[in-house]
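A short worksheet on the structure shown next.
Bear in mind these aren't lab numbers, they're just calculated from the coordinates by the rules spelled out. As the structure is a prediction and not an experimental result, all values here were calculated from the model. Here the Cβ positions follow ideal geometry from the backbone for every residue, glycine too, while neighbour counts run over all protein chains shown.
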Amino acid sequence: MATMRRLYPWFPHVQRACCTRSYRTAAAPTTCALFHTPHHVQIHPLTAAYQSQSRAFAVCGRRLKNTEDLSSGWSREEEEGDEDYIDESEVEELFQQQAPAGIGEGQHRVFIVHPDVKWGSRKQHLTTADLMMAEAVGLVNTLHGWRVVDKIILSTKTPEKKKIFGKGNFQSLTDKIRQTAGITAVFVNVERLSPLSEREMEEAWGVKVFDRYSVVLHIFRLNAKTKEAKLQISLAELPLLRSRLRNEMANFDQQGGGSRYIGGSGETLIEVQQRLLKEREMKIRSALEKLRRKRHLLRAQRKHKEFPIVSVLGYTNCGKTTLIKALTGDSGLQPRNQLFATLDVTVHAGQLPSRMAVLYVDTIGFLSQLPHQLIDSFSATLDDIKHSDLLVHVRDISHPETVNQKANVMNVLKNLHIPNRLMSSMIEVHNKIDLVENYQLTEPGALSISALEERGLDQLKDVVEGQIVNSTGKHILDLKVDLSSPQLSWLYKEATVQDVQVDADEGSAVVTVIISDAAYGRYKKVFRGR
């Protein structure tokens, strides 16, 4: 019966899909034939019990929009020039539909297990087990209502095994978990547990089992505010849903009900659920492709206006948002001292010492030991990094894992195939020096700052400006203009005017400007002969 309770949330969606098919091929039926079973098929007692509970869902009240409906709706809004052209209700439906069960259900008292790998390819060389445990505790504490009841670092020589630990260590761990009162979940601090490992651990310990992938996804889900973030999270959750579906159906099949056909449709229950997940994935990817095209259009508009773009990136909670707020004076930015406070790319205008306008892009923070699937889901967001004019890598220099965090950031950038021109010109910033007593810069080329106390920002702005001038091909020129013409106002609009030396007798001025090749070409074309 426990398996049926875990499967229960799937059935309304299965039924809805069945009703939708009937709707497309004929007039809308009064009832749905999903739970109608041919007489020659034997019904497992658990299935029969569930059917009696499901009659309340017999009437199909509506049908889900198909992908074509969604696409046509977006196209119409796009043609009308509506910036917010993806329907909020459709995104919310995809976001809320079939959220992974268990992890978001109320509060959790968590027991954390960190496997300390002694040797081999999975051994962490740039960090320690204690520091990895501290990060796991930080992840749990980020979640409202969750708290760490107990924790343990346990050595393992067999991290690839389904139970991760050897027989003796696993049994002692099981005894400790069972003897600790009030535990509602165990967080195994590994990148990703296989469906089989998760199932065996849950059976042994009698509580929900989470890995880094599922915990971080839950943090993402709670912090998601925009349509794009919600869609990306929904996409990243699909592998989790599929693995848990396999777990539940394996249990169900052992009880004799998992392979039965549904309503004579020729599909087993697991096939129906897999099809629903596939259809959901297609809808999410279609929606994200729309947003990707919109993002490409916005980038093109910025390039057309020749605004230099500086992407600020780094490990989660390194102080990126605080730094951008200090550089721009944007009072709307509200930095939070927590992991993954920023999930969406936001753009903020600032001004460099020459009064050149620049756009600072606040990006999602990075984290160690996350699967490629999660990074891939946010590829559209991270794609903005590739189209920047300059990268600023912010490091929390007060963190004991700062070296390991840098290595993780560089590894992610490598996997994203960031152009060499951006990697070679990237500025490294050592932030939070206010938390380090008598901090001395030891890495050549890096800049030390305190974004919170706004220390070292003038030097950073100077370096950013120099790199921007080099990377964008801009030139610093002295141009003689006729003050009776619109030349000066044109330069103020299309370039960065640094200085104006007026000659009142001649009615002219020498203007020092930072100007791009394209803008200078337009200037000569418009004011040729002056």
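Please compare each pair in K320/K461; K386/K432; K227/K283 to a cut-off of 25 Å on the Cα-Cα distance and tell me which ones are over it.
Numbers: K320/K461 15 Å; K386/K432 27 Å; K227/K283 13 Å.
Those over the limit are K386/K432.
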Problem set entry | In sequence order, calculated HN-Hα J values of the stretch 135-140 (Karplus, 6.51, -1.76, 1.60; Hz; x Gly/Pro) | 5, 4, 4, x, 4, 5
Seminar exercise, completed: Given the candidates P444, V409, M426, the one whose Cα lies deepest towards the positive end of the charge dipole of the stretch 382-523, counting +1 at each Lys or Arg C-beta and -1 at each Asp or Glu C-beta, is V409
For this session: Could I have the simple spin-label model distance between L441 and R293, label points 7 Å from Cα toward Cβ, reported in nm to one decimal?
Result: 4.6 nm
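Compute the Cα gyration tensor for the stretch 376-442, then decide on rounded, prolate or oblate, letting a ≥ b ≥ c be the square roots of its eigenvalues: rounded whenever a/c is under 1.5, prolate when a/b is larger than b/c in the other cases, and oblate in all that remain.
On the way: a/c = 2.55, a/b = 1.91, b/c = 1.33.
Prolate.
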Exercise. Where a Cα-Cα gap under 30 Å defines reach, which lysines qualify for K118, not counting those fewer than 8 residues away within the same chain?
Worked result: K151, K157, K161, K162, K163, K167, K176, K208, K406, K414
Problem set entry | Extent along principal axes [Cα atoms of the stretch 130-216; Å; largest to smallest] | 34, 26, 25
Problem set entry | Simple Cβ-charge dipole of the stretch 364-493, Lys/Arg +1 and Asp/Glu -1, about Cα centre, in debye nearest 20 | 400 debye
Exercise. Once you list every other residue whose beta carbon is under 12 Å from the beta carbon of L313, what net charge do they have if Lys and Arg are +1 and Asp and Glu are -1?
Worked result: +1
For this session: Quickly work out the Q171-to-D458 label distance, labels modelled 7 Å from Cα along the C-beta direction, and quote it in nm with one decimal.
Result: 7.0 nm
